[in-house]
Amino acid sequence: MYNPEIESASNQEMKVLQLNGLKKTVTNVYGNVEFYRQKFDELQIKPEDICSLEDIKKLPFTKKKDFRDQYPYGLFAIPIEEVTRIHGSSGTSGKPTIVGYSETDLKNWGVLVARAIVAAGGKKSDVFHNAYGYGLFTGGLGLHQGADELGVATIPISGGNTERQITIINDLQPRGICGTPSYVLSIVEKMEELGMDPRKTNLEYGIFGAEAWSEGMRQKLESKLDIKAVDIYGLSEIMGPGVAIECHEVQDGLHIADDHFFVEVIDPDTLEPVADGETGELVFTSLQKEALPIIRYRTGDIASITREKCKCGRTTTRMSRVKGRTDDMIIVRGVNVFPSEIERELLQIDGLAPVYQIQLIRKGVMDAIELHIEVDCTIYDQVGGDLSHESIVLMKRKIQHQLKNACLISVDVVLNAPKTLPRSEGKATRIVDRREPTAVSM
Ligand code: DLL
């Protein structure tokens, strides 16, 4: 552990830290952020009313829309002269969400990401390949910040230029790698295309996140690269990567940095808390941030939490893998499904490459799903490139059957030749909406 005294603190010790952080944060936002002061006043809450962690329920939620309305600096609690870094997340439409960090925030962020790298199996002596994009996105510089804090030799390669990534991995012999799971899989694919065995690199562990991915994807990455693959979670509004990380020892849930973030899980419709172990929307309150303290941020991410101690010795709250975002949930004829659930099923079927796209289409007056997925090279060669071959038709039926059984959805399946669907150098686009703009939701 990077900070054993914190990561394995007793429940009581953690609660004390959290309550102090909460009180400080509430005072900070009330005194320095007009947006929160107004909200608190409307609800007739003063910072002194927050006397226990339970009292957090009295506080208002913050939403993505609030960032948009307060664009760019309206939610900052310090003057811009004191801000030392700005990041952002690319929204699906319009302007990015802007976030800022003080010097202390950056230091803290580095510590949390250093904890994450150590939890993933990283060591100070490592060479570390950072394939997250450097820029406004928090992935590249966030991981870099933590790698610097830990003291590893970071290769700031960023995303893209896949052949160069491979040369660097071969020549510089990194022990650790990080990037989006979909992009690292593209690197693996390219290695195979170039006739290399991806299992023969020096890599031993990978830190993957920034997009939803499934256990099946983990198995693919682990077996193809002969590494341990762990899930890292975070979001720019709260900080960036490092909000939570899986440990390589157990790989069962992501350890949340409880000393920095108070987590709640709510029913996104009723906004009421759900019980531990039940799935709902993650809500985070920052406890130590200076530049952009955030109260009860509704992430839109669907997961569950457990407070049971992990076998690795860490005592922090653990969150499950993120199933998906509330706004990525597909609703087809009354059935709700997340892309990651579809991925989970697809990756159980032999002969498919883990590259797919869920296209939303119109069929007459009804909305429908057209699932595009690539067959793997072996199957493709076996059928001599004939995608109307009987075995391909059987495979389509198998996919339809599996999705009907496991996810209760009917889909049209389009099997594609290997390497024909678009690859991304960062977050993969899993859903493509091909319906007319006027189409009603499904
Ligand atoms: O994606 C921060 C990050 C960078 C996390 C590198 C991990 C690694 P944003 O661009 O603001 O920040 O996007 C945040 O991405 O609300 C989730 O929906 C999704 N996300 C992040 N990590 C995971 C993960 C970065 N491990 C949004 N699993 C979040 C599933 C994830 N979804």
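The values are calculated or read from the model by the stated rules, or taken from the named source; none is laboratory data. Please read these numbers as outputs of a predicted model, since none were measured by experiment. Don't worry about glycine lacking a Cβ; one is built from the backbone with ideal geometry, like all the others, and counts go over all protein chains shown. In case anyone asks, the SASA skips ligands and DNA or RNA and just uses the protein heavy atoms, side chains included. Shrake-Rupley method; radii C 1.70, N 1.55, O 1.52, S 1.80 Å.
Does G159 satisfy the criteria of being in the same structural domain as S320 (by TED's automatic domain parsing) and within 16 Å of the ligand (Cβ to nearest atom)?
Considered against the rule, which asks whether it is in the same structural domain as S320 (by TED's automatic domain parsing) and within 16 Å of the ligand (Cβ to nearest atom), G159 comes out as yes.
Could you tell me which of the residues G151, G140 is away from the ligand (no atom under 16 Å from the Cβ) and assigned by TED's automatic domain parsing to the domain that holds E237?
Going through G151, G140 in turn, just one is away from the ligand (no atom under 16 Å from the Cβ) and assigned by TED's automatic domain parsing to the domain that holds E237: G151.
So in the range 304-332, with the set limited to residues that are outside any loop (DSSP other than H, G, I, E, B) and more than 16 Å from the ligand (Cβ to nearest atom), which one is least open to solvent (accessible area, probe 1.4 Å)?
We begin by selecting, within the range 304-332, every residue outside any loop (DSSP other than H, G, I, E, B); these are 305-306, 318-319, 324-328, 330-332.
Pick out the ones that are also more than 16 Å from the ligand (Cβ to nearest atom) and you get 306, 331-332.
Values: T306: 44, I331: 67, V332: 13 Å².
Per the stated criteria, the residue is V332.
With modelled with pLDDT of 95 or more and in a strand (DSSP E or B) as the only criterion, which of D301, D276 stands out? Before you say what the answer is, go through the steps one by one.
On the way: D276 fails: in a strand (DSSP E or B).
None of the other options fit; the residue is D301.
Report yes if H401 is open to solvent by less than 40 Å² (accessible area, probe 1.4 Å) and at pLDDT 90 or above, otherwise no. Break it down into steps so the answer makes sense when it comes.
Details: open to solvent by less than 40 Å² (accessible area, probe 1.4 Å): no; at pLDDT 90 or above: yes.
So H401 fails the test.
I'm trying to understand the selection: among the residues of the range 197-218, which are within 8 Å of the ligand (Cβ to nearest atom) and closer than 17 Å to H248 by Cβ? Even if it seems obvious, please write down each step before you answer.
First, pick out the residues of the range 197-218 that are within 8 Å of the ligand (Cβ to nearest atom): 207-213.
Those that are within 8 Å of the ligand (Cβ to nearest atom) and closer than 17 Å to H248 by Cβ: I207, F208, G209, W213.
Select from the range 42-68 the residues that are farther than 25 Å from I80 by Cβ, part of a helix (DSSP H, G or I) and open to solvent by 20 Å² or more (accessible area, probe 1.4 Å) and list them in ascending order.
Hits for the range 42-68 are E42, E48, D49, L53, E54, D55, K57, K58.
Write out, first by first residue and then by second, each pair whose Cβ atoms fall under 9 Å of each other, whose residues are 6+ apart or on separate chains, and whose first residue, in the range 297-312, is at positive phi while the second is near the ligand (Cβ under 10 Å from one of its atoms) and open to solvent by less than 10 Å² (accessible area, probe 1.4 Å).
As it stands, the answer is G300/L282, since those pairs meet every condition given.
Let me spell it out: the conditions are (1) out of contact with any strand residue (DSSP E or B) (no Cβ under 6 Å at 6 or more places or on another chain); (2) open to solvent by 30 Å² or more (accessible area, probe 1.4 Å), and K228 meets all of them except one. Which number is the exception?
Unmet condition: (1).
Quick one: count up the residues across the range 72-104 that are in a loop (DSSP other than H, G, I, E, B), within 16 Å of the ligand (Cβ to nearest atom), free of Cβ contacts under 8 Å to residues at least 40 places away in the same chain and surrounded by 15 or more Cβ atoms within 10 Å (Cβ to Cβ).
Matching residues across the range 72-104 total 1.
Taking only the range 122-137 into account, find how many residues are within 18 Å of I86 (Cβ to Cβ) and touching a helix residue (DSSP H, G or I) at 6+ places or on another chain (Cβ under 9 Å). Write out each step before concluding.
Our first condition is that a residue be within 18 Å of I86 (Cβ to Cβ); within the range 122-137, this holds for 132-137.
Pick out the ones that are also touching a helix residue (DSSP H, G or I) at 6+ places or on another chain (Cβ under 9 Å) and you get 132-135.
Total meeting the criteria: 4.
Looking at (1) in contact with a strand residue (DSSP E or B) (Cβ under 7 Å, 6 or more places away or on another chain); (2) crowded, with 19+ Cβ neighbours inside 10 Å; (3) farther than 21 Å from V265 by Cβ; (4) modelled with pLDDT under 95, which is the one condition that is false for L387?
(2)
Which pairs turn up if I take residues in the range 268-281 that are in contact (Cβ under 8 Å) with a residue 60 or more places away in the chain and not assigned by TED's automatic domain parsing to the domain that holds K63 and look for partners that are surrounded by 12 or more Cβ atoms within 10 Å (Cβ to Cβ) and assigned to a loop (DSSP other than H, G, I, E, B) with beta carbon separation below 9 Å, at least 6 apart in sequence or on another chain?
No pair meets every condition.
Within the range 225-256, how many residues turn out to be part of a loop (DSSP other than H, G, I, E, B) and either among the charged types (D, E, K, R) or near the ligand (Cβ under 9 Å from one of its atoms) (or both)? Break it down stepwise before answering.
Filtering the range 225-256 for residues part of a loop (DSSP other than H, G, I, E, B) gives 226-227, 236-239, 247-253.
This time we only want the ones that are either among the charged types (D, E, K, R) or near the ligand (Cβ under 9 Å from one of its atoms) (or both), so: 226, 236-239, 249, 252.
Adding up the residues that qualify gives 7.
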